[in-house]
Amino acid sequence: MNLLFVASECAPFVKTGGLADVIGAVPKALASEGADVRVLIPAYPALAELIANGKTVAEFGDLFGGPARIAAVEAEGLQMLLLDAPHLYDRPGSIYLGPNGQDWPDNDVRFAALSYAGAQIATEGIEGWTPDVVNAHDWQAGLVPAYLRQQGGRTPPVVMTIHNIAFQGLFDATRLAALGLQAELFTPHGIEYFGKIGFLKAGLALSEKITTVSPTYAAELLTPEFGMGLDGLLRGRQADLIGILNGIDLDAWDPGTDDALVANYSARSLKAKAKNKAEIEARFGLTPGDGPLFCVVSRLTSQKGLDMLLECLPGLVGHGGRLALLGSGEPELERAFIDASNRYAGAVGTIIGYDEEMSHLLQGGSDAILIPSRFEPCGLTQLYGLRYGTLPVVARTGGLADTVIDANEAALLAHCATGVQFAPVTATMLGHAIARTCALFAQPKVWAAMMRRAMRHPVGWDLSAAAYLDVYKSALER
Ligand code: ADP
Ligand code: GLC
């Protein structure tokens, strides 16, 4: 089966979050099931080296205001198609935000162009290769089925994958012509969303199948609380919606070989983790102690619930715990965690920024990873935590609910616990979960058994890759 992925980021080339990890990992898993996957992403400056090695396989005289081409290149086991459109993507800074911290003002055109190019490849192919199915990821690729509709004729089916419904790509209706969209599609059954152009809405309304990244999130999306205005549409398309759990790249995330660690280890050599812990203590200015070392690796946004963690810090420190936090995002949260590391000097350490190597070290040396998200479509850091024996302490929502087995009495008796869950998602219950974690940590045998079990928990892509193939097959049978 030939598959075209359309997305806005892909690890290890360009990453702002879990979307990139997934786009960089699924194609390899699908390839080992016999599929031929090509990944279309914009050619941002970070990809300069890749682009230089690319072979031009398609050209556009004028793609929304300037010339563009598609460069094909194989790298890191992936077959990449880079949309090289300097007027849209060749700019410094973040891939989504301008220097002022606001969305680039032309983000509508930037990602309409991505979708348009995807639709073009879907129908015309490149060098004799055409996709059987297109998998569009998140709002940035949401217009793929809209442009396919406009082209008409025989077009491949589209599977739309929701990684996070909080980001919908809503733009003013006056932009319709600038985006090359026909007025006939601007209806509630098409791309219109409460008077605006909805990129994700378009993808959900016009695609053959819809997937999201965990079974629990697939169910949550049907409710007003989690569906964020699109729950009605999704309830209407329930038969076409399926949740498929994310996996992780087992080569990139392996405590036995990870270069970012001071000491590598396995379930049989857990003691080596202590060397990584000492390195974290040194880098975060933490005083060694007997209680658990918690870490956080996260975007700092209200989704991630870290404001609740701020409320719980007195309790965390009071129970003998320590915290190392790596993150960046909302300025108020950044400031609050820097303040906390001054107030609880030696017990709380904060590094503001995005640092891939440090994120690996934190998984390699911490005892537990805290993820108190208000909603979490899947979440990857708890999966890395499981693989590294860094026990996840998580809110019971979305993919967090589907991947961590809470150490309640029944699970402890049945020897199946791999972490701690809490619900409802409030500061009070998070505080309780932290206290429970500290109590479990004080029982070294129980804790070590949980670590070994967590490290055995299957977090690869095999099962999920097979599930994606089933969805692609059913999309073809539409
Ligand atoms: P989301 O995509 O919502 O941010 P995920 O848990 O799915 O959440 O994925 C987050 C990814 O980004 C993980 O690979 C995580 O390690 C990484 N990450 C988040 N914040 C940072 C940071 N400050 N430095 C390095 N990596 C980070
Ligand atoms: C989104 C979600 C996260 C998920 C990731 C990859 O960023 O917030 O929960 O793991 O996409 O699917």
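The values are calculated or read from the model by the stated rules, or taken from the named source; none is laboratory data. Remember, it's a predicted structure, so these values are computed and weren't measured experimentally. Virtual Cβ from ideal backbone geometry, glycine too; neighbours counted across all protein chains shown. What goes into the accessible areas is simple: the full protein's heavy atoms, side chains included, and nothing from ligands, DNA or RNA. Shrake-Rupley method; radii C 1.70, N 1.55, O 1.52, S 1.80 Å.
Taking the charge dipole of the chain about its Cα centre, with +1 at Lys and Arg Cβ atoms and -1 at Asp and Glu Cβ atoms, the residue from Leu250, Cys10, Ala278 reaching farthest to the positive side is Ala278.
The charge dipole of the chain, taken about its Cα centre with unit charges on the Cβ of Lys, Arg, Asp and Glu (plus for the first two, minus for the last two), comes to roughly 1080 debye. Of Tyr193, Tyr217, the residue with the largest accessible area leads and the full order is Tyr193, Tyr217 (1.4 Å probe). So how tilted is helix 331-343 from the main axis of the chain? Cα-based, degrees 0 to 90, rounded to 10. Computed tilt is about 10 degrees. Taking θ as phi - 60° and the Karplus parameters 6.51, -1.76 and 1.60, the scalar couplings of the stretch 2-18 work out to 8, 10, 10, 9, 10, 7, 9, 8, 7, 6, x, 7, 8, 8, 10, x, x Hz in sequence order, x denoting glycine and proline. In the stretch 270-456, Cα pairs under 8 Å separated by at least six residues give a relative contact order of 22 percent.
Across q = 0.11, 0.15, 0.21 Å⁻¹, the stretch 1-80 modelled as identical point scatterers on its alpha-carbon atoms has Debye log10 I(q)/I(0) values of -0.29, -0.54, -1.00, in the order of the q list.
What does the net charge come to around Asp36 if you take all other residues with beta carbon closer than 14 Å to its beta carbon, with K and R at +1 and D and E at -1? Show your work: numbers first, answer last.
Numbers: positive: Lys28, Arg38; negative: Glu33, Glu74, Glu127, Asp132.
That sum, taken over residues with Cβ under 14 Å, equals -2.
Inverting the pair-averaged 1/r between distinct Cα atoms of the chain gives 23.1 Å as its Kirkwood hydrodynamic radius. Diagonalising the gyration tensor over the Cα atoms of the stretch 270-456 and scaling each eigenvalue by 5 before taking the square root yields semi-axes of 22, 19, 15 Å, largest first.
Around Gly227, under 11 Å between beta carbons, what's the net of Lys plus Arg minus Asp minus Glu among the other residues? Before the final figure, lay out each step's value.
Working: positive: Arg235; negative: Glu220, Glu225, Asp231.
Result for the local shell: -2.
Using a 1.4 Å probe, what is the accessible area per residue for the chain, in Å²? Write down the numbers at each step before the final one.
Details: 18620 Å² over 478 residues.
The answer is 39 Å² per residue.
Starting from the stretch 234-287, pick out the chymotrypsin sites (Phe, Trp or Tyr not before Pro) whose DSSP state is loop and whose Cβ has at most 15 other Cβ atoms within 10 Å. Those that pass, being in a loop and sparsely packed, number zero.
Quick one: pull the percent of accessible area on the chain belonging to carbon and sulfur, 1.4 Å probe, ligands and nucleic acids left out. Spell out each step's value before the answer.
Numbers: 9940 of 18620 Å².
Carbon with sulfur: 53 percent of the solvent-accessible area.
Remind me, relative contact order of the chain in percent, using alpha carbon pairs under 8 angstrom and six or more residues apart?
Working: 981 pairs, mean separation 58.9, N = 478.
Computed value for the chain: 12 percent relative contact order.
Applying a DSSP loop filter and a limit of 15 other Cβ atoms within 10 Å to the GluC sites (Glu not before Pro) in the stretch 1-88 leaves Glu33, Glu76.
For the stretch 137-252, what does the relative contact order come out to in percent, with C-alpha contacts under 8 Å and a separation of six or more?
Numbers: 182 pairs, mean separation 32.5, N = 116.
Worked out over the stretch 137-252, it gives 28 percent.
Rounded to the nearest 20 debye, the dipole magnitude of the stretch 351-478 is 320 debye, with +1 charges on Lys and Arg beta carbons, -1 on Asp and Glu beta carbons, and the Cα centre as origin. Each stretch of four or more DSSP H residues adds -39500 (n - 2.57); spread over every residue of the chain, this sum gives -11000 deg cm²/dmol at 222 nm. Considering only Ala340, Cys416, Ala183, the residue lying farthest towards the positive end of the dipole of the chain is Cys416, judged by Cα position with unit charges set on Cβ.
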